[in-house]
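Worksheet: one structure, shown below.
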Amino acid sequence: MHHVGRRRSVIVLAILAFAAVGFAQTAQENAADVEWLIASLEIHPGNSVGEIGAGEGALTMAIAKAVGPTGKVFSNELNKERLAALPELAEKAGVSNVTPVEGREAATNFPDQCCDAIFMRNVYHHFGNPAAMDASLLKSLKPGGHLAVIDFTPPDKEAPQPSERYADGFHGVKPATVARELLAAGFEVISADAENRTVKVLARRPPR
(Lines give C-alpha, C1' and ligand atoms only; values in the text may rest on other atoms or scores of the structure.)
Protein backbone atom coordinates (compact mmCIF):
# COMPACT_ATOMS: atom_id res chain seq x y z
CA MET A 1 0.00 0.00 0.00
CA HIS A 2 2.83 2.40 0.91
CA HIS A 3 4.57 1.52 -2.37
CA VAL A 4 1.45 2.47 -4.37
CA GLY A 5 1.15 5.76 -2.48
CA ARG A 6 4.79 6.66 -3.08
CA ARG A 7 4.51 5.83 -6.78
CA ARG A 8 1.40 8.00 -7.17
CA SER A 9 3.15 10.88 -5.42
CA VAL A 10 6.11 10.59 -7.81
CA ILE A 11 3.75 10.68 -10.81
CA VAL A 12 1.91 13.73 -9.49
CA LEU A 13 5.18 15.57 -8.80
CA ALA A 14 6.39 14.75 -12.32
CA ILE A 15 3.17 16.14 -13.76
CA LEU A 16 3.46 19.30 -11.71
CA ALA A 17 6.87 19.87 -13.29
CA PHE A 18 5.69 19.00 -16.81
CA ALA A 19 2.52 21.07 -16.56
CA ALA A 20 4.39 24.12 -15.33
CA VAL A 21 5.49 24.72 -18.92
CA GLY A 22 2.14 26.49 -19.39
CA PHE A 23 -1.09 24.65 -20.16
CA ALA A 24 -4.64 26.00 -19.96
CA GLN A 25 -5.15 24.39 -16.56
CA THR A 26 -2.76 25.19 -13.74
CA ALA A 27 -0.18 22.65 -12.65
CA GLN A 28 -2.13 22.11 -9.44
CA GLU A 29 -5.38 21.50 -11.37
CA ASN A 30 -3.63 19.02 -13.65
CA ALA A 31 -2.14 17.18 -10.68
CA ALA A 32 -5.51 16.99 -8.91
CA ASP A 33 -7.22 15.66 -12.05
CA VAL A 34 -4.47 13.08 -12.58
CA GLU A 35 -4.81 11.85 -9.01
CA TRP A 36 -8.60 11.54 -9.36
CA LEU A 37 -8.31 9.75 -12.70
CA ILE A 38 -5.75 7.23 -11.45
CA ALA A 39 -7.86 6.41 -8.40
CA SER A 40 -11.30 6.44 -10.07
CA LEU A 41 -10.29 4.52 -13.17
CA GLU A 42 -8.17 2.10 -11.11
CA ILE A 43 -5.19 2.76 -13.38
CA HIS A 44 -2.08 0.71 -12.75
CA PRO A 45 1.05 -0.35 -14.67
CA GLY A 46 0.30 -2.37 -17.78
CA ASN A 47 -3.12 -0.82 -18.46
CA SER A 48 -4.21 0.45 -21.86
CA VAL A 49 -5.88 3.85 -21.49
CA GLY A 50 -7.42 6.29 -23.99
CA GLU A 51 -7.82 10.05 -23.83
CA ILE A 52 -10.41 11.87 -25.93
CA GLY A 53 -9.25 15.38 -26.82
CA ALA A 54 -5.67 15.42 -25.57
CA GLY A 55 -5.25 19.14 -26.14
CA GLU A 56 -1.73 20.13 -25.19
CA GLY A 57 -1.02 16.70 -23.76
CA ALA A 58 -0.57 17.20 -20.01
CA LEU A 59 -2.98 14.44 -18.96
CA THR A 60 -1.82 12.07 -21.69
CA MET A 61 1.76 12.29 -20.46
CA ALA A 62 0.68 11.89 -16.83
CA ILE A 63 -1.29 8.73 -17.53
CA ALA A 64 1.51 7.39 -19.75
CA LYS A 65 3.77 7.59 -16.70
CA ALA A 66 1.12 5.91 -14.55
CA VAL A 67 0.69 2.88 -16.83
CA GLY A 68 4.45 2.54 -17.29
CA PRO A 69 6.41 1.03 -20.17
CA THR A 70 4.26 -2.11 -20.21
CA GLY A 71 1.10 -0.03 -20.65
CA LYS A 72 -0.21 2.07 -23.51
CA VAL A 73 -2.03 5.38 -23.98
CA PHE A 74 -4.12 6.10 -27.07
CA SER A 75 -4.21 9.90 -27.32
CA ASN A 76 -6.99 11.25 -29.52
CA GLU A 77 -7.02 14.86 -30.80
CA LEU A 78 -8.99 16.68 -33.52
CA ASN A 79 -6.52 19.55 -33.88
CA LYS A 80 -3.88 18.36 -36.36
CA GLU A 81 -1.12 20.62 -35.02
CA ARG A 82 -1.64 19.41 -31.46
CA LEU A 83 -1.84 15.81 -32.67
CA ALA A 84 1.46 16.19 -34.55
CA ALA A 85 3.09 17.65 -31.43
CA LEU A 86 2.31 14.64 -29.21
CA PRO A 87 5.38 12.54 -30.13
CA GLU A 88 7.74 15.39 -29.23
CA LEU A 89 5.85 16.00 -25.99
CA ALA A 90 6.13 12.30 -25.16
CA GLU A 91 9.87 12.40 -25.78
CA LYS A 92 10.24 15.43 -23.49
CA ALA A 93 8.15 13.68 -20.83
CA GLY A 94 10.35 10.57 -21.08
CA VAL A 95 7.61 8.18 -22.20
CA SER A 96 7.47 5.92 -25.25
CA ASN A 97 4.03 4.37 -24.83
CA VAL A 98 1.82 7.08 -26.36
CA THR A 99 -0.02 6.38 -29.62
CA PRO A 100 -1.44 9.54 -31.26
CA VAL A 101 -4.85 8.95 -32.84
CA GLU A 102 -6.58 11.33 -35.24
CA GLY A 103 -9.79 12.52 -33.64
CA ARG A 104 -13.26 12.20 -35.12
CA GLU A 105 -16.38 14.25 -34.39
CA ALA A 106 -18.49 11.23 -33.39
CA ALA A 107 -16.06 8.34 -32.90
CA THR A 108 -13.00 7.58 -30.78
CA ASN A 109 -11.10 6.15 -33.75
CA PHE A 110 -9.64 3.64 -31.29
CA PRO A 111 -9.49 -0.13 -31.93
CA ASP A 112 -12.44 -2.12 -30.57
CA GLN A 113 -12.05 -3.15 -26.92
CA CYS A 114 -8.55 -1.65 -26.76
CA CYS A 115 -8.85 0.18 -23.47
CA ASP A 116 -9.12 -0.71 -19.81
CA ALA A 117 -10.16 2.92 -19.27
CA ILE A 118 -10.96 6.07 -21.25
CA PHE A 119 -11.12 9.64 -20.00
CA MET A 120 -11.71 13.17 -21.24
CA ARG A 121 -11.55 16.66 -19.79
CA ASN A 122 -13.66 19.63 -20.95
CA VAL A 123 -14.56 17.72 -24.12
CA TYR A 124 -17.94 16.08 -23.59
CA HIS A 125 -19.93 19.32 -23.97
CA HIS A 126 -18.50 19.65 -27.51
CA PHE A 127 -20.10 16.41 -28.71
CA GLY A 128 -22.65 17.38 -31.35
CA ASN A 129 -23.84 13.78 -31.59
CA PRO A 130 -23.37 12.35 -28.09
CA ALA A 131 -25.32 9.18 -28.87
CA ALA A 132 -22.88 8.18 -31.63
CA MET A 133 -19.82 9.19 -29.61
CA ASP A 134 -20.99 7.37 -26.49
CA ALA A 135 -21.62 4.23 -28.54
CA SER A 136 -18.08 4.47 -29.89
CA LEU A 137 -16.68 4.96 -26.38
CA LEU A 138 -18.51 1.84 -25.20
CA LYS A 139 -17.16 -0.13 -28.15
CA SER A 140 -13.58 0.99 -27.44
CA LEU A 141 -13.65 -0.20 -23.84
CA LYS A 142 -12.99 -3.73 -22.71
CA PRO A 143 -15.90 -5.35 -20.83
CA GLY A 144 -15.79 -3.87 -17.34
CA GLY A 145 -13.65 -0.95 -18.52
CA HIS A 146 -14.18 2.47 -16.95
CA LEU A 147 -14.96 5.89 -18.43
CA ALA A 148 -14.28 9.20 -16.68
CA VAL A 149 -15.69 12.55 -17.83
CA ILE A 150 -14.41 15.82 -16.38
CA ASP A 151 -16.28 18.88 -17.62
CA PHE A 152 -18.04 21.99 -16.33
CA THR A 153 -21.64 23.07 -15.88
CA PRO A 154 -23.23 25.87 -17.93
CA PRO A 155 -23.50 29.29 -16.25
CA ASP A 156 -27.28 28.97 -16.04
CA LYS A 157 -29.62 26.83 -18.12
CA GLU A 158 -28.35 23.98 -20.24
CA ALA A 159 -28.57 24.27 -24.02
CA PRO A 160 -31.69 22.68 -25.55
CA GLN A 161 -29.59 20.83 -28.16
CA PRO A 162 -26.16 19.14 -27.83
CA SER A 163 -24.84 21.20 -30.74
CA GLU A 164 -25.41 24.37 -28.69
CA ARG A 165 -23.61 23.28 -25.51
CA TYR A 166 -20.53 25.36 -26.32
CA ALA A 167 -22.48 28.50 -27.29
CA ASP A 168 -22.31 31.70 -25.24
CA GLY A 169 -24.64 31.53 -22.27
CA PHE A 170 -24.96 27.74 -22.48
CA HIS A 171 -21.29 26.71 -22.36
CA GLY A 172 -21.01 23.42 -20.51
CA VAL A 173 -23.06 20.36 -19.62
CA LYS A 174 -24.76 19.09 -16.47
CA PRO A 175 -23.75 15.80 -14.82
CA ALA A 176 -27.30 14.45 -14.99
CA THR A 177 -27.28 14.96 -18.76
CA VAL A 178 -23.98 13.14 -19.18
CA ALA A 179 -25.24 10.30 -16.99
CA ARG A 180 -28.53 10.03 -18.91
CA GLU A 181 -26.77 9.90 -22.27
CA LEU A 182 -24.23 7.33 -21.09
CA LEU A 183 -27.00 5.12 -19.70
CA ALA A 184 -28.79 5.31 -23.05
CA ALA A 185 -25.61 4.10 -24.76
CA GLY A 186 -25.39 1.04 -22.51
CA PHE A 187 -23.03 2.26 -19.78
CA GLU A 188 -23.46 1.67 -16.07
CA VAL A 189 -23.13 5.02 -14.28
CA ILE A 190 -21.19 4.80 -11.02
CA SER A 191 -21.30 8.47 -10.01
CA ALA A 192 -22.28 11.84 -11.48
CA ASP A 193 -21.55 14.98 -9.49
CA ALA A 194 -20.74 18.67 -9.83
CA GLU A 195 -18.88 20.87 -7.37
CA ASN A 196 -18.07 24.53 -8.00
CA ARG A 197 -19.17 24.00 -11.63
CA THR A 198 -16.72 21.09 -12.07
CA VAL A 199 -18.48 18.02 -13.45
CA LYS A 200 -17.15 14.53 -12.73
CA VAL A 201 -18.90 11.47 -14.09
CA LEU A 202 -17.65 7.92 -13.69
CA ALA A 203 -19.16 5.05 -15.66
CA ARG A 204 -18.22 1.62 -16.93
CA ARG A 205 -18.98 -0.80 -19.71
CA PRO A 206 -20.88 -3.73 -18.21
CA PRO A 207 -18.61 -6.74 -17.58
CA ARG A 208 -20.74 -8.86 -19.91
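The values are calculated or read from the model by the stated rules, or taken from the named source; none is laboratory data. What you see is a predicted model; the values in this text were computed from it and never measured. The area values use the complete protein model at the heavy-atom level, side chains included, leaving out ligands, DNA and RNA. Shrake-Rupley method; radii C 1.70, N 1.55, O 1.52, S 1.80 Å.
Taking only the alpha-carbon positions of the stretch 115-208 and ignoring solvent, what does the Debye formula give for the base-10 log of I(q)/I(0) at q = 0.19, 0.20, 0.24 Å⁻¹?
Rounded to two decimals, the profile gives -0.80, -0.88, -1.21.
Please calculate how many Å² of accessible area the chain carries per residue, with a 1.4 Å probe and no DNA, RNA or ligand atoms counted.
Values: 10090 Å² over 208 residues.
About 49 Å² of surface per residue is accessible.
With angles folded into 0 to 90 degrees, how steeply does helix 2-19 sit against the dominant principal axis of the chain? Use alpha carbons for both and round to 10.
80 degrees
For the chain, what does the helix formula give at 222 nm: sum of -39500 (n - 2.57) over DSSP H segments with n ≥ 4, over the residue count, nearest 500 deg cm²/dmol? Can you show the working numbers first?
Working: 6 runs with 78 residues, N = 208.
Per the formula, -12000 deg cm²/dmol.
Could you tell me, in Å, what Rg and Dmax come out for the Cα atoms of the stretch 46-98?
9.9, 29
Using a probe of 1.4 angstrom, how much of the accessible area of the stretch 56-107 is carbon and sulfur, in percent? Working shown, then result.
Numbers: 1230 of 2540 Å².
Reported share for carbon and sulfur atoms: 48 percent.
Specify, per residue and in Å³, the volume enclosed by the convex hull of the alpha carbon atoms belonging to the chain. Please list the in-between numbers first.
Numbers: hull volume 24.3 nm³, N = 208.
Normalising the Cα hull of the chain by residue number yields 117 Å³.
If I fit a long axis through the Cα atoms of helix 175-185 and take the longest principal axis of the Cα atoms of the chain, what angle between them do I get, 0 to 90°, rounded to 10?
90 degrees
Between the helical axis of 27-40 and the dominant principal axis of the chain, each derived from Cα atoms, what acute angle in degrees is found, rounded to the nearest 10?
The helix 27-40 is inclined about 80 degrees to the chain.
Work out the count of Lys pairs in the chain where the Cα-Cα distance is under 16 Å, with the pair 8 or more places apart or on different chains.
Numbers: Lys65/Lys92; Lys72/Lys142; Lys157/Lys174; Lys174/Lys200.
The number of close lysine pairs in the chain is 4.
Could you calculate the contour length gain from Glu29 to Arg104, that is, 0.36 nm times the residue separation minus the distance between their Cα atoms, to one decimal place in nm? Before the final figure, lay out each step's value.
Values: separation 75, 0.36 × 75 = 27.00 nm, distance 2.67 nm.
Gain on extension, Glu29 to Arg104, equals 24.3 nm.
What does the convex hull of the Cα atoms of the stretch 123-167 come to per residue, in Å³, rounded to a whole number?
77 Å³
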